[in-house]
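Written below as structure tokens is the structure these notes are about.
The values are calculated or read from the model by the stated rules, or taken from the named source; none is laboratory data. Here the structure is a predicted model, which means the values were calculated and not measured. Quick reminder, even Gly has a Cβ in these numbers, built from the backbone with ideal geometry, and neighbours come from all protein chains shown.
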Amino acid sequence: MHLIKDNSIVVTKNQYTAEEFIQKKIELLKDEVEPFYAVDLEDICNKHIRWLTSMPRVTPHFAVKCNDDINIIKLLAYLGAGFDCASKGEMKKVMDIGVSADRIIYANPCKQSSFIRYAREVGVDTMTFDNEQELMKIHQIYPNAKLVLRIVTDDSNAVCRFSMKFGADMTTARKLLDKAQEIGMEIVGVSFHCGSGQMTSKAFVDAIQNARMIINYGIKLGFNMNLLDIGGGFPGNSGTEDYFHEIATAVNKAIDEHFPEEENFRIIAEPGRYYVASAYALATNIIASREMIDAETGDKKYMYYINDGVYGSFNCVLYDHYVPEPLLFGKNENDEKYTSSIWGPTCDGLDCIQTSIRLPKLEIGEWIYWKNMGAYTISAAVQFNGLPFGKPLYFMSKQFWDSVKAAFLSNPRKTQVDSSAMRMNIGDCSNEVEDDLLPWLIEDLIEETTVVTIQ
């Protein structure tokens, strides 16, 4: 009997690692070979706690474009996060679960006119712009909007750069404030984005200083500017905690210097990958293999075909410049290794995940899992060739579940969880699994989400 259905939440007696959880899933459901994500909801809770303790003056607004999984949105809404939305669809998705308009920033500097009208209808009044044409378009459609001027940054050290597409330079920014004053539009703040996957703190420090200069100019013009949006770009892969700490420390210092608390500025950010990257591990199955002989060396080499690829979960290889690392079950480091490549299941030759990697010999039917697969994966995946991509299976220990289960109720609650009630030792990643665990059992049914427990 298939107890684990789509969009299930598994509540465990003890904490699990993604590897342990994937192994348990494979063990219990041996006949199923579709790709799936093991989604550690506890990891997302811990990320939120780390954010609140690391940058207490900065309110996170989750970038929905990074991962629009409805259960992640529900959880973050319950934890008290705001949301960075880039379209009508994202705004509707967030508001449909009960999030109020004042917790949303429409952070797309180039907006479709009909989407601006939708934002006006539902009350999302805070939105970004970076050029005069956008300013005039908003003025015509939504003259009461509260505008946030996006400035350009140095994002040369980011994984994905945005400054070639978005952001006004300092001279242009002042001219835009002049124009906004002339036509009577309300400018409430300044935003920037240091690029997705930013790994240095200097970009944030410089951008905060530049934002202060533009805000000072706006205040002289008579604008009531009280919002600073420091954008996204915060690292979220496992192993990047030191980078995040460095950035948070520098951001706090720069904010305190340029935006002292007594000025009562509202400061927000737009983290995406920070929240979800490490929470998702993808399990894939080898569906075919090919043995060849290298014409130059005479050595064996192998091609492996798995059941998810660059049109599905691994679109991050193309769009996010990500180099995923395959992880194997039950292999010994001393096993002989061969030059290998890993391919997706589609008929397209572009569907290659790893062009050359040293691996032990693998068999059809074996599983490969991939960590740090939560950012810019599921949100951009398609079923090319009619082939499915990984579907999420969520897990969380009962200790955490009891604190946040109200997030997944049918009728969204307006109250939010007290994060202090969930505080744990974030650095403690030792997840012990008991040998006598029984199979998963259905515990509860919450509309579209099946909740099961491991006893």
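Can you tell me which residue is farthest from Val190 (Cα to Cα) among those in region 118-136 that are of a type in the set (Asp, Glu) and within 25 Å of the chain's Cα centre (by Cα)?
Applying the filter and picking the extreme gives Asp125.
Go through (1) over 18 Å from Ala168 (Cα atoms); (2) surrounded by fewer than 24 Cβ atoms within 10 Å (Cβ to Cβ) and name the single condition Ile104 misses.
Here Ile104 clears every test but (2).
State the number of residues belonging to region 298-351 that are closer than 17 Å to Tyr280 by Cα and aliphatic (A, V, I, L, M).
Looking only at that region, the number is 5.
Does region 167-192 hold any residues that are within 20 Å of Asp154 (Cα to Cα) and either modelled with pLDDT of 90 or more or more than 23 Å from the chain's Cα centre (by Cα) (or both), and which are they?
Ala168, Asp169, Met170, Thr171, Thr172, Ala173, Arg174, Gly189, Val190, Ser191, Phe192
Enumerate the strands (runs of 3 or more DSSP E) found wholly within region 222-335, keeping only those where 3 or more residues are touching a residue at least 60 places away in the same chain (Cβ under 8 Å) and under 27 Å from the mean Cα position of the chain (by Cα).
266-269, 280-293
Could you please find all residues in region 182-197 being over 14 Å from Ile138 (Cα atoms) and surrounded by fewer than 18 Cβ atoms within 10 Å (Cβ to Cβ)?
Glu182
Table: residues versus (1) farther than 25 Å from Cys45 by Cβ; (2) at pLDDT 95 or above; (3) loosely packed, with under 13 Cβ neighbours inside 10 Å.
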position: Thr240; (1), (2), (3): no, no, no
position: Asn252; (1), (2), (3): no, yes, no
position: Tyr280; (1), (2), (3): no, yes, no
position: Val310; (1), (2), (3): yes, no, no
position: Cys316; (1), (2), (3): no, no, no
position: Gly344; (1), (2), (3): yes, no, no
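Are any of the residues in region 215-222 outside the structural domain of Pro324 (by TED's automatic domain parsing), out of contact with any Asp or Glu (no Cβ under 7 Å at 6 or more places or on another chain) and of a type in the set (S, T, N, Q)?
Yes, there is a match, as at least one residue in region 215-222 is outside the structural domain of Pro324 (by TED's automatic domain parsing), out of contact with any Asp or Glu (no Cβ under 7 Å at 6 or more places or on another chain) and of a type in the set (S, T, N, Q).
Please go through (1) touching a residue at least 40 places away in the same chain (Cβ under 8 Å); (2) within 23 Å of Leu327 (Cβ to Cβ) for Leu29 and return the number of the only condition it doesn't satisfy.
(1)
May I ask you to verify whether Ala211 is among the hydrophobic types (A, V, I, L, M, F, W, C), assigned to a helix (DSSP H, G or I), at pLDDT below 95 and closer than 29 Å to Asp320 by Cα?
no
Please go through region 355-370 and give me each residue that is part of a loop (DSSP other than H, G, I, E, B) and closer than 15 Å to Ile342 by Cβ, ordered by number.
Correct list: Lys361, Leu362, Glu363, Ile364, Glu366.
Testing Leu350 on (1) on the phi > 0 side of the Ramachandran plot; (2) in a loop (DSSP other than H, G, I, E, B), one condition comes back false. Which one is that?
Status for Leu350: all satisfied but (1).
Quick check: anything in region 9-19 outside the structural domain of Ile247 (by TED's automatic domain parsing), part of a helix (DSSP H, G or I), at pLDDT below 95 and on the phi < 0 side of the Ramachandran plot?
Yes: region 9-19 contains one or more residues that are outside the structural domain of Ile247 (by TED's automatic domain parsing), part of a helix (DSSP H, G or I), at pLDDT below 95 and on the phi < 0 side of the Ramachandran plot.
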